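**Student:** Take this structure, written in structure tokens, and hold onto it; I'll ask about it next.
The values are calculated or read from the model by the stated rules, or taken from the named source; none is laboratory data. Keep in mind that what you see is a predicted model, and the values were worked out from it rather than measured. When we count neighbours, we look across all protein chains shown, and the Cβ atoms used for this are built from the backbone with ideal geometry, even at glycine.
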Amino acid sequence: MKLKTIVAALAVGFAAGGAFAQAQTGPVRIGFITDMSSLYADIDGPAGAEMIKWAIEDFGGKVLNRPIEFLSADHQNKADVAASKAREWIDNQNLAMLVGGTSSGTALAMAGVTKEKHRPYISIGAGSARLTNEDCSPYTVHYAYDTVALAKVGAGALVKAGAKKWYFLTADYAFGQSLEADASKVVKENGGTVVGSVKHPLNASDFSSFLLQAQGSKADILALANAGGDTINAMKAAKEFGITKSMKVAGLLVFINDVHSIGVANAEGLQLADSWYWNQDDESRKFAKRFFEKYKRMPSSLQAADYSAVTNYLKAVQKLGTTDADKVMAELKSMKYNDFYQKNGQVRADGRMMHEMYLFQVKSAKDSNTPWDYYKLVAKVPAEQAFTTVAESKCSLLKK
Amino acid sequence: MEIFGIPLQAFLGQLMLGLVNGAFYAMLSLGLAVIFGLLDIVNFAHGALYMVGAFVAWILMDKWGISYWWALLLAPLAVGILGALIERLFLKRLYGLDPLYGLLLTFGLALILEGVFRKQYGVSGQAYPVPDLLSGASNLGFMILPNYRAWVVVASIAVCLATWFLIERTRLGAYLRAGTENAKLVQAFGVNVPLMVTLTYGAGAALAGLAGVLAAPIIQVTPLMGSNLIIVVFAVVVIGGMGSIMGSVITGLLLGVVEGFTRVFYPEASNIVVFVIMAIVLMVRPAGLFGKEA
């Protein structure tokens, strides 16, 4: 009996002592899990990882007199891969904070792990608004944008401009479903109707069959609730099959890389919602120039957000003098965010980063003066109008 | 008028689109079947070679403004040479070993090729315009068919028939088939068998490259285009019967059509319908639809 007690006491002591020693010395580890190789790799991916490295280097490579270590991994758009990597880093590497890249399924999985393990989790490029709504967690910050904002800013503008009958072409996974649902709601609220929708598998190579069905629907808007390569190929096929003559094609989530890839001539007139554009002000252009020198392309809003999020996290840790998850989360939710990426940003209790969103329109080829000069600002939408309102929210953290 | 509950117009439209995709499957699986049937190599690099074909066409246009029509000739040639090099440098060493080695080697090569292009060009893809002569669309009454897609069907069926004729009906084809059955004997007749094998692999690769050029104006040219397709194409070859040339062509066309209709009736299943069919076929006919029972 006595021996058992001693062993137990020792075990507790070891566990506590070990954790304590690890938490206060040794490197501060920041992990990043994103799509490094598949259809979203250009809008975030390896360049997004590099942005986090830049953020760490620019911060001085150290915080609390401890070196900052950066880990990155490819989740291959698989939720189980993302979750097990996150778990492994937290358990074996004592990860201080996790940054999540694109893909909603993986983001929801990582939010689950970080909630269970009590680690700050900043989700950048995942779209699903569930992250701060039904599935909200005290440890999640949703940084760049979400499907509600895309719907309210992007779809909302189109309905108000007269597009009443909608047909959705939706990527069949968490993000596409969220986006279709959120956009449908906005369409109906503004007096439009949804006449039909078709779900396509993620990373579909051929869209012609789906588009033919859309064409038969007699809708006036074909809304693409997908992203990256899927959006590009769907738009390309829509043009080829003459669908653009009878319907307006709207990409609900379009990144600047996509516009570049489709070509400004093909994307002309397209309206889209985004959280940041490289050519929006001097600070942003400065960041973009540095990016361009390395990658020969302009950064996406996600890559800018990667840099911004990690920098602000490090500031919070520096100020607090600890990486303790609960204290850091409290600080992240009370501080103001002012940098090249956003002005007066603020994280709400549900984890939603509240910042201004923008409605852009793709310029015509002749108006596009310099390389990657693609967008014209149509409207600035205040955070309160862009994101889920407190009244709409299903997150328990918002409703005390 | 309705067929299976969908209007005739939509039905015909989907049939047409299925044929276009089927034409790609047919051409790619044809190359695979040639390489497997004659050389016993399970060529996992086929998708990557298809991707390289599309990229060569794009680079020719982007760098030197070389037209689609020249690319149709030059890109397969370049990919064919690359294929011949692969055979000479790597595959040659594996003959007589378990085919698994060849499979692993070609799979590795595919990953390397894909990685190189991904590093260089990213994944968003490059736009390759439809050639002027084939731009526009024709109204078939039941659908608007882009002229380019019609051309793809015609071109790939022609290529498939020519390849089949070459292998099954000419003296060269007879040497090829004999050489792979009994290399020593054919060599004794003065035929250079190793050269023939190299050229065969090169030709299979060139077929993949040609499919890549044909695909370039339809989809974005991206490093991922090969891996997106290769698994389906393998399923086509298995269903058709490994190594059966006619089998892979007919199965390719059929599966394109089946997949097209799945997109109408139950879109969520369109990515897996090919594998479901594969499972059923293998249960009933383990050697595939057109394969010879071993």
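**Student:** Can you tell me which condition A:D274 does not meet? The list is (1) within 14 Å of chain B (Cβ to nearest Cβ); (2) of a type outside the set (S, T, N, Q); (3) surrounded by 22 or more Cβ atoms within 10 Å (Cβ to Cβ), and all the others hold.
**Tutor:** Checking A:D274 against (1) within 14 Å of chain B (Cβ to nearest Cβ); (2) of a type outside the set (S, T, N, Q); (3) surrounded by 22 or more Cβ atoms within 10 Å (Cβ to Cβ), the one that fails is (1).
So that you can scan it fast, the table gives a plain yes or no per residue for (1) in the same structural domain as A:D44 (by the TED database); (2) of a type outside the set (D, E); (3) within 30 Å of B:R118 (Cβ to Cβ); (4) over 24 Å from the mean Cα position of the chain (by Cα):
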{"site": "A:D182", "(1), (2), (3), (4)": "no, no, no, no"}
{"site": "A:V195", "(1), (2), (3), (4)": "no, yes, no, yes"}
{"site": "A:A219", "(1), (2), (3), (4)": "no, yes, no, yes"}
{"site": "A:I232", "(1), (2), (3), (4)": "no, yes, yes, no"}
{"site": "A:K239", "(1), (2), (3), (4)": "no, yes, yes, yes"}
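**Student:** Additional query: Just to verify a result, which residue in the stretch B:79-115, among those that are within 13 Å of another protein chain (Cβ to nearest Cβ) and of a type outside the set (G, A, S), is surrounded by the fewest Cβ atoms within 10 Å (Cβ to Cβ)?
**Tutor:** Filtering the stretch B:79-115 for residues that are within 13 Å of another protein chain (Cβ to nearest Cβ) and of a type outside the set (G, A, S), the one surrounded by the fewest Cβ atoms within 10 Å (Cβ to Cβ) comes out as B:L111.
**Student:** Ok, one more. Taking B:S227, is it among the hydroxyl-bearing types (S, T, Y), within 13 Å of chain A (Cβ to nearest Cβ) and either within 13 Å of the chain's Cα centre (by Cα) or surrounded by 24 or more Cβ atoms within 10 Å (Cβ to Cβ) (or both)?
**Tutor:** yes
**Student:** Could you please find all residues in the stretch B:3-61 being within 11 Å of chain A (Cβ to nearest Cβ), out of contact with any helix residue (DSSP H, G or I) (no Cβ under 7 Å at 6 or more places or on another chain) and closer than 19 Å to B:V152 by Cα?
**Tutor:** B:L12, B:M16
Each row is one residue, and each column tells you yes or no for (1) within 17 Å of the chain's Cα centre (by Cα); (2) at the interface with another protein chain (Cβ under 8 Å from one of its Cβ atoms); (3) of a type outside the set (V, I, T).
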residue: A:G242; (1), (2), (3): no, yes, yes
residue: A:M247; (1), (2), (3): no, no, yes
residue: A:L252; (1), (2), (3): yes, no, yes
residue: A:D258; (1), (2), (3): yes, yes, yes
residue: A:V264; (1), (2), (3): no, no, no
residue: A:L270; (1), (2), (3): no, no, yes
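**Student:** Among (1) within 26 Å of A:T311 (Cβ to Cβ); (2) modelled with pLDDT under 95; (3) crowded, with 16+ Cβ neighbours inside 10 Å, where does A:Q22 come up short?
**Tutor:** Looking at each condition in turn, A:Q22 falls short on (3).
**Student:** Report yes if B:L161 is at pLDDT 90 or above, within 27 Å of B:L254 (Cα to Cα), part of a helix (DSSP H, G or I) and not polar (S, T, N, Q), otherwise no.
**Tutor:** The answer is yes for B:L161.
**Student:** Mind checking which residues of the stretch A:203-236 are surrounded by fewer than 21 Cβ atoms within 10 Å (Cβ to Cβ) and more than 7 Å from chain B (Cβ to nearest Cβ)?
**Tutor:** Of everything in the stretch A:203-236, those that are surrounded by fewer than 21 Cβ atoms within 10 Å (Cβ to Cβ) and more than 7 Å from chain B (Cβ to nearest Cβ) turn out to be A:S217, A:K218, A:D220.
**Student:** I want to confirm something. Restricting to the stretch B:232-279 and keeping residues that are within 14 Å of another protein chain (Cβ to nearest Cβ), of a type in the set (V, I, T) and within 30 Å of B:F165 (Cβ to Cβ), which single residue is surrounded by the fewest Cβ atoms within 10 Å (Cβ to Cβ)?
**Tutor:** This residue is B:V258.
**Student:** Restricting attention to the stretch A:110-120, which residues are within 17 Å of A:D80 (Cα to Cα) and crowded, with 24+ Cβ neighbours inside 10 Å? Don't jump to the end; show me each part of the working.
**Tutor:** Just the residues of the stretch A:110-120 that are within 17 Å of A:D80 (Cα to Cα), to begin with: A:110-117.
Matches in the stretch A:110-120: A:M110, A:A111, A:T114.
**Student:** Among the listed residues B:G256, B:G241, identify the single one that is in contact (Cβ under 8 Å) with a residue 40 or more places away in the chain and at positive phi.
**Tutor:** B:G241
**Student:** Among B:T180, B:T163, B:T200, B:T170, which is hydroxyl-bearing (S, T, Y), free of Cβ contacts under 8 Å to residues at least 12 places away in the same chain and either away from chain A (no Cβ under 12 Å) or touching a strand residue (DSSP E or B) at 6+ places or on another chain (Cβ under 6 Å) (or both)?
**Tutor:** B:T170
**Student:** Let me ask you something else. Given the residues A:I43, A:I33, which is the only one that is among the hydrophobic types (A, V, I, L, M, F, W, C) and part of a strand (DSSP E or B)?
**Tutor:** When all the criteria are applied, what remains is A:I33.
**Student:** Which is surrounded by fewer than 24 Cβ atoms within 10 Å (Cβ to Cβ) and either at pLDDT 95 or above or away from chain B (no Cβ under 14 Å) (or both), of A:A144, A:A163, A:A151?
**Tutor:** Exactly one of A:A144, A:A163, A:A151 is surrounded by fewer than 24 Cβ atoms within 10 Å (Cβ to Cβ) and either at pLDDT 95 or above or away from chain B (no Cβ under 14 Å) (or both), namely A:A163.
**Student:** Just checking, does the stretch B:68-78 include any residue being buried (at least 22 other Cβ atoms within 10 Å of the Cβ) and not in a helix (DSSP H, G or I)?
**Tutor:** There is no residue in the stretch B:68-78 that is buried (at least 22 other Cβ atoms within 10 Å of the Cβ) and not in a helix (DSSP H, G or I).
**Student:** So, one more: Of a type in the set (V, I, T) and free of Cβ contacts under 8 Å to residues at least 60 places away in the same chain: does that describe A:V390? If you could, list the steps in order and put the result at the bottom.
**Tutor:** Details: of a type in the set (V, I, T): yes; free of Cβ contacts under 8 Å to residues at least 60 places away in the same chain: yes.
When the stated conditions are applied, A:V390 passes them.
**Student:** Follow-up. Taking the condition of being more than 10 Å from the chain's Cα centre (by Cα) and touching a residue at least 24 places away in the same chain (Cβ under 8 Å), how many residues in the stretch B:45-59 meet it?
**Tutor:** 10
**Student:** Restricting to the stretch B:200-217, give me the number of residues that are among the β-branched types (V, I, T) and crowded, with 24+ Cβ neighbours inside 10 Å. Reasoning before the result, please.
**Tutor:** Initial filter on the stretch B:200-217 (among the β-branched types (V, I, T)): B:200, B:213.
Still in the running and crowded, with 24+ Cβ neighbours inside 10 Å: B:213.
Total meeting the criteria: 1.
**Student:** Give just the number: which of (1) part of a helix (DSSP H, G or I); (2) touching a residue at least 60 places away in the same chain (Cβ under 8 Å); (3) closer than 23 Å to A:L320 by Cβ does A:E57 not satisfy?
**Tutor:** (2)
**Student:** Given the criterion of a type outside the set (D, E, K, R), within 14 Å of chain A (Cβ to nearest Cβ) and within 17 Å of the chain's Cα centre (by Cα), identify the matching residue among B:L145, B:L214. Spell out how you get there, then give the answer.
**Tutor:** Details: B:L145 fails: within 17 Å of the chain's Cα centre (by Cα).
Of the residues listed, the single one that is of a type outside the set (D, E, K, R), within 14 Å of chain A (Cβ to nearest Cβ) and within 17 Å of the chain's Cα centre (by Cα) is B:L214.
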